[in-house]
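A.B. asks: So that we are looking at the same thing, I have put the structure below in structure tokens.
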Amino acid sequence: MGCAFFGRAPPLGRGGGQLSGLLQWYTPSWGFLLECSKDRRLLTVPVIVISASLGIENSAKTAGAHSVMRKPLEPNHLLSVIEPILKAQ
């Protein structure tokens, strides 16, 4: 997914997924999600924001995030968010 932001997006197919970590200094604010929203091929790719910051849920959803999770992650909670996404593909 990070490749897409930097203009090197591979062809997208069904059933794929990407976990990607982006530091805020690479993409100020919600720049990554906003850039993804400009490419129709990426609109169907669910993005899960994982952050230790408080109060970002509304901003993340407005920018296009599918879900927002707080750090530290609980493995079972992560699976409960990812599994429905994978089943829907």
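A.B. asks: Which one is nearest to Gly31 (Cα to Cα), of the residues in the stretch 59-74 that are out of contact with any strand residue (DSSP E or B) (no Cβ under 8 Å at 6 or more places or on another chain) and at pLDDT below 90? Break it down stepwise before answering.
C.D. replies: First pass over the stretch 59-74, keeping only residues out of contact with any strand residue (DSSP E or B) (no Cβ under 8 Å at 6 or more places or on another chain): 59, 62-64, 72, 74.
When the remaining residues are screened for being at pLDDT below 90, the result is 59, 62-64.
Values: Ser59: 12, Thr62: 12, Ala63: 8, Gly64: 11 Å.
So the residue we want is Ala63.
A.B. asks: Within the stretch 55-71, restricting attention to residues that are in contact (Cβ under 8 Å) with a residue 12 or more places away in the chain and assigned to a loop (DSSP other than H, G, I, E, B), which residue is nearest to Glu35 (Cα to Cα)?
C.D. replies: Gly64
The values are calculated or read from the model by the stated rules, or taken from the named source; none is laboratory data. What you see is a predicted model; the values in this text were computed from it and never measured. Virtual Cβ from ideal backbone geometry, glycine too; neighbours counted across all protein chains shown.
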